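S.K.: So that we are looking at the same thing, I have put the structure below in structure tokens.
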Amino acid sequence: MTLIKTSILSAISTAIKVIAGFVSVKVVAVYIGPSGLALMGQMQNFIAMMSSIASAGVNSGVVKYTAEHYEDDETKRKIWSSALKISLVLIMPMAIAIIFLADFISLKLLNTTEYSSIFIIFAVTIIFFVFNGLLTSILNGQKEIKKLTILNITSSFFGLAVTILLVSRYKLYGALIAGIISQSIVFFVTLAFVLKSNWFKLSMFFGSMDKEYRNKLLKYSLMSLVSATMIPLSHMYVRDYIGTHIGWDEAGYWQAIWRISETYLMLITTTLSIYYLPKLSSIKDKRELKRELLYGYKIVMPIVTVMALGIYLFRDFIIQILFTKEFLSMADLFLYQLIGDVIKIAAWLLGYIMVAKAMTKLFIVSEIFFVWSFVGFVVLFVNMYGLVGVTMAFMINYFIYLIFLYFSLRGYLNGK
């Protein structure tokens with residue numbers, strides 16, 4: 001399937017996801033305000049981080065190796081059964097640890113032990129998060145783009161419905177638990193899609209651990225786990241730093257502008273994850289790899305630039321539609337954030353080569369360095385310029401990251 005066809009299908013599901021996401025944000029903004037939105041961001045980061053750790057971060061590897069051995073059932077059995085066993089080893093101790101530390105986590109993350117029950121519920125349901133991630137990775141590797149599109153649409157509707165119901169009834173508590181409930185339900189929808197696939201066989205998930213693919217998946221897990229832990233940790237730190245040094249409403253403003261960026265960039269990032277990783281993974285010739293990369297830039301960069309420009313021009317209108325008048329102070333954050341978004345996508349197009357070609361050392365070193373250089377820039381610029389310094393830090397950090405990737409990967413792409 002071509003990039004353009006994948007983009008069209010991604011656009012359909014992403015448009016619905018964007019609408020659902022914005023309606024969800026509006027509901028949260030109305031009922032719990034900027035400070036509540038900031039705490040919701042803390043919870044979302046924690047869930048994402050723990051889910052990835054519990055799965056050992058093998059999902060990117062599952063996509064890559066499933067795509068590479070698309071027609072080889074025996075090899076896929078080794079891949080899928082190894083991935084499942086790796087996850088099963090980690091789920092139970094992770095769940096137990098979260099249950100025992102629920103009060104501590106709630107206090108550190110949400111500034112109160114009042115919400116410790118939410119973390120216990122998450123611990124009990126974390127198995128659904130892990131299994132859902134594994135099954136969607138298999139669908140991706142099997143190039144089941146249409147099924148992934150329908151699944152993403154279904155997930156969006158479930159998430160929106162659960163959020164509206166729980167937030168309207170239970171305010172902040174409902175907002176914090178909505179993601180846990182909706183994702184647990186979505187697992188069963190994903191399972192139904194997989195069970196109906198003609199390539200599915202239950203036996204593909206059973207068998208002894210294959211040493212070769214265990215090591216290959218764990219090699220990928222190192223990369224995934226670095227992203228899955230470093231990025232949420234840095235965001236939780238930044239949110240807490242803003243809340244402590246400026247105010248929790250201001251932390252909510254940053255969460256709001258970050259949510260806008262995440263949501264409108266879904267069109268790009270979804271296409272990259274569904275199309276680019278399997279495509280780049282399957283390309284062996286470096287000249288063809290370079291052509292595919294340049295093609296991606298020609299298609300993607302004009303789109304993201306126009307989107308960012310449009311959002312900037314209509315920023316005041318967007319704030320009032322998506323949030324409430326309480327959020328109008330965030331208008332000053334748009335310029336540097338949106339420039340940073342464009343630079344970010346330019347960097348990600350290059351960065352996917354590291355993932356597709358399993359450049360583990362380069363990926364881990366760059367990810368750790370630039371995640372925490374962002375935090376360093378935040379502290380520096382917030383002290384100098386206030387809240388707008390967070391978006392300045394984001395823009396500058398990604399600009400440096402893009403330059404780093406260009407020089408790091410230039411030799412590889414040129415066949416040296």
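S.K.: Along Cα→Cβ, 7 Å out, is where each label goes; now give me the distance between the ones at GLU212 and SER408 in nm to one decimal.
M.R.: According to this spin-label approximation, the distance is 2.9 nm.
S.K.: Which chymotrypsin sites (Phe, Trp or Tyr not before Pro) from segment 160-240 combine a DSSP loop assignment with at most 12 other Cβ atoms within 10 Å? It would help to have the intermediate numbers written out before the result.
M.R.: On the way: sites: TYR170, TYR173, PHE187, PHE188, PHE193, TRP199, PHE200, PHE205, PHE206, TYR213, TYR220, TYR237; in loops: TRP199, PHE200, PHE206.
Here the chymotrypsin sites (Phe, Trp or Tyr not before Pro) that fit, given the DSSP loop and packing criteria, are PHE206.
S.K.: For the pairs LYS216/LYS357; LYS279/LYS357; LYS76/LYS143; LYS108/LYS171, flag any whose C-alpha to C-alpha distance is greater than 19 Å. List each step's numbers first, then the result.
M.R.: On the way: LYS216/LYS357 12 Å; LYS279/LYS357 11 Å; LYS76/LYS143 14 Å; LYS108/LYS171 21 Å.
Check vs 19 Å cut-off fails for LYS108/LYS171.
S.K.: Report the FRET efficiency, 1/(1 + (r/R0)^6), for TYR241 and LYS290, where r is their Cβ-Cβ distance and R0 is 35 Å, rounded to 0.05.
M.R.: On the way: r = 40 Å, r/R0 = 1.15.
The computed FRET efficiency comes out at 0.30.
S.K.: Okay, moving on. Can you compute the FRET efficiency between ILE303 and THR112 using 1/(1 + (r/R0)^6), with r the Cβ-Cβ distance and R0 = 45 Å? Round to the nearest 0.05. Walk me through the numbers on the way to the answer.
M.R.: Values: r = 42 Å, r/R0 = 0.94.
Efficiency at R0 = 45 Å is approximately 0.60.
S.K.: Treat each spin label as a single point 7 Å out from the Cα along the C-beta direction, and report the LEU101 to LYS325 distance in nm.
M.R.: Going from the LEU101 label point to the LYS325 one covers 4.4 nm.
S.K.: In the neighborhood of LYS284, defined by Cβ-to-Cβ distances under 15 Å, what is the net charge if each Lys or Arg adds +1 and each Asp or Glu adds -1?
M.R.: So the surrounding residues net to +3.
S.K.: Hey, another quick one. Once the other residues with Cβ under 12 Å from the Cβ of TYR70 are scored (Lys, Arg +1; Asp, Glu -1), what is the net sum? Spell out each step's value before the answer.
M.R.: Numbers: positive: LYS64, LYS76, LYS143; negative: GLU68, GLU71, ASP72, ASP73, GLU144.
Around TYR70, the surrounding residues sum to -2.
S.K.: Over 10 Å intervals from 0, what percent of Cα-Cα pairs in segment 301-395 sits in each interval?
M.R.: 15, 34, 34, 15, 2
S.K.: Shifting gears a bit: List the residues whose amide H sits under 5 Å from the amide H of GLY247, counting only those 5 or more places along or on another chain, with H placed 1.01 Å from N in the peptide plane.
M.R.: Placed amide hydrogens put nothing under 5 Å from GLY247.
S.K.: In deg cm²/dmol and to the nearest 500, what is the mean residue ellipticity at 222 nm of the chain if only DSSP H runs of at least 4 residues count, each as -39500 (n - 2.57), divided by the residue total?
M.R.: One gets -29500 deg cm²/dmol as the mean residue ellipticity at 222 nm.
S.K.: What percent do you get for the relative contact order of segment 3-413 when only Cα pairs under 8 Å and 6+ apart count?
M.R.: It comes to 24 percent, rounded to a whole number.
S.K.: Kindly list the residues of segment 68-92 that lie in the label zone of LYS201, defined by a backbone N under 12 Å from the point 7 Å along the Cα-to-C-beta vector.
M.R.: Hits in segment 68-92 for LYS201 at 12 Å: 72-78.
S.K.: Which residues make up the longest stretch of the chain clear of GluC sites (Glu not before Pro) that lie in a DSSP loop with no more than 15 other Cβ atoms within 10 Å, not counting the sites?
M.R.: Longest stretch, sites excluded: 115-416.
S.K.: Could you give the length gained by full extension between GLU74 and LEU335, i.e. 0.36 nm per residue of separation minus their alpha carbon distance, to one decimal place?
M.R.: Extending this stretch completely gives an extra 88.8 nm.
S.K.: Also: Once R0 is set to 35 Å, what does the formula 1/(1 + (r/R0)^6) return for the Cβ-Cβ distance between TYR312 and LEU380, expressed as a FRET efficiency to the nearest 0.05?
M.R.: That pair, TYR312 with LEU380, gives E of 0.90.
S.K.: Please give the Cα centre distance for segment 205-243 versus segment 41-115, rounded to the nearest Å.
M.R.: That distance is 8 Å.
S.K.: I would also like to ask the following. Enumerate the helices in the chain for which the Kyte-Doolittle hydropathy averages -0.5 or more and the C-alpha atoms extend at least 27 Å along the helix's axis, using complete DSSP H runs.
M.R.: Helix filter hits for the chain: 3-54, 73-100, 116-141, 145-195, 211-245, 286-313, 334-356, 360-385, 388-413.
Every number here is computed from the coordinates shown, using simple stated rules; none is lab data. All figures in this text were calculated on a predicted structure; none of them were measured in a lab. Counting neighbours? That spans all protein chains shown, and the Cβs are built from the backbone with ideal geometry, glycine included.
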